[in-house]
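The values are calculated or read from the model by the stated rules, or taken from the named source; none is laboratory data. For clarity, every value in this text was computed on a predicted model and none was experimentally measured. Please note: Cβ atoms are built from the backbone with ideal geometry, for glycine as well, and neighbour counts cover all protein chains shown. Ligands, DNA and RNA are stripped out before the accessible areas are found, and what is left, the full protein with its side chains, is counted by its heavy atoms. Shrake-Rupley method; radii C 1.70, N 1.55, O 1.52, S 1.80 Å.
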Amino acid sequence: MTQHAGRRVVTNMALSLDGRYAQPDNPVDMGWVMPYAVTDVARDHLTGLWEPATTALLGRVNAEGFLGFWPTVIGMEGADPRDEGFAKWLVDADKVVLSSTLREAPWERTTVLDRPAAEVVEELRAAEGGDILVLSSASVIKALLAADQVDRLAITVFPVFLGGGPRLFDDGLPAGRWAPVRQVAGEHGTLSLVYDRVR
């Protein structure tokens, strides 16, 4: 299989130890993530992903959450410099939001598209720029994994069982190998994993 031409597609997701990305009873409550998201391992992991990226690709729900919260971190008293760095990057980066319900973007530097994720990524790859970073948007990541359009898979694993809820890796994904790029373990048992697709 040949290497995808153009820019690299990097996906990032937090997973529980039992492989879930959301709780079964309240999928939008990310409270289970918070004790681990503020660890050095998690912050350094995210920094390593956004620094080479110039485009953020998000689903609507995550766009509303991310773009509602992160800009408020800029200039916040006591904010970790890594959090503030990510917040500034997110505000300044080109953002593409995939949505069938939004008609126009309420955020600056944002394009809203109602098209398949793999098709949008093919167009983004053909344009100039750095990495295309897919931030915690499970529906987008699942579609790109199914289309074998992910070049770098980044995961933070948090040592909790959610006991149910949606899984990131569905049956029927294209078979393939992934090469480990980085693995870091840290406080509270937080584990940062980065893999590159072997083509």
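Annotations
- The set of residues in the stretch 184-199 that are under 18 Å from the mean Cα position of the chain (by Cα) and surrounded by fewer than 11 Cβ atoms within 10 Å (Cβ to Cβ) is empty.
- Some residue of the stretch 84-105 being of a type in the set (Ser, Thr, Tyr), farther than 21 Å from residue 27 by Cα, open to solvent by less than 60 Å² (accessible area, probe 1.4 Å) and without any contact (Cβ under 8 Å) to a residue 60 or more places away in the chain: no
- Restricting the stretch 124-156 to residues that are of a type in the set (D, E, K, R) and either assigned to a loop (DSSP other than H, G, I, E, B) or within 14 Å of residue 56 (Cα to Cα) (or both), the residue that is most open to solvent (accessible area, probe 1.4 Å) is 128.
- Among the residues of the stretch 18-49, those identified as open to solvent by less than 30 Å² (accessible area, probe 1.4 Å) and of a type in the set (S, T, N, Q) are 39, 47.
- Candidate set: the stretch 157-169, residues that are closer than 18 Å to residue 12 by Cβ and part of a loop (DSSP other than H, G, I, E, B); chosen: the one farthest from the chain's Cα centre (by Cα): 166
- Taken over the stretch 1-24, the criterion of being at pLDDT 90 or above, more than 15 Å from residue 153 (Cα to Cα) and out of contact with any helix residue (DSSP H, G or I) (no Cβ under 9 Å at 6 or more places or on another chain) is satisfied by 16, 18, 20, 23, 24.
- Evaluation of residue 56 against (1) closer than 16 Å to residue 192 by Cβ; (2) modelled with pLDDT of 95 or more (one fails), failing number: (1)
- The residues on offer are 110, 47, 101, 39, and the sole one that is of a type in the set (S, T, N, Q), more than 18 Å from residue 133 (Cβ to Cβ) and in contact with a Lys or Arg (Cβ under 9 Å, 6 or more places away or on another chain) is 101.
- Screening the candidates 6, 19, 48 for the property of being of a type outside the set (Phe, Trp, Tyr), in contact (Cβ under 8 Å) with a residue 40 or more places away in the chain and farther than 22 Å from residue 190 by Cβ yields one hit, 6.
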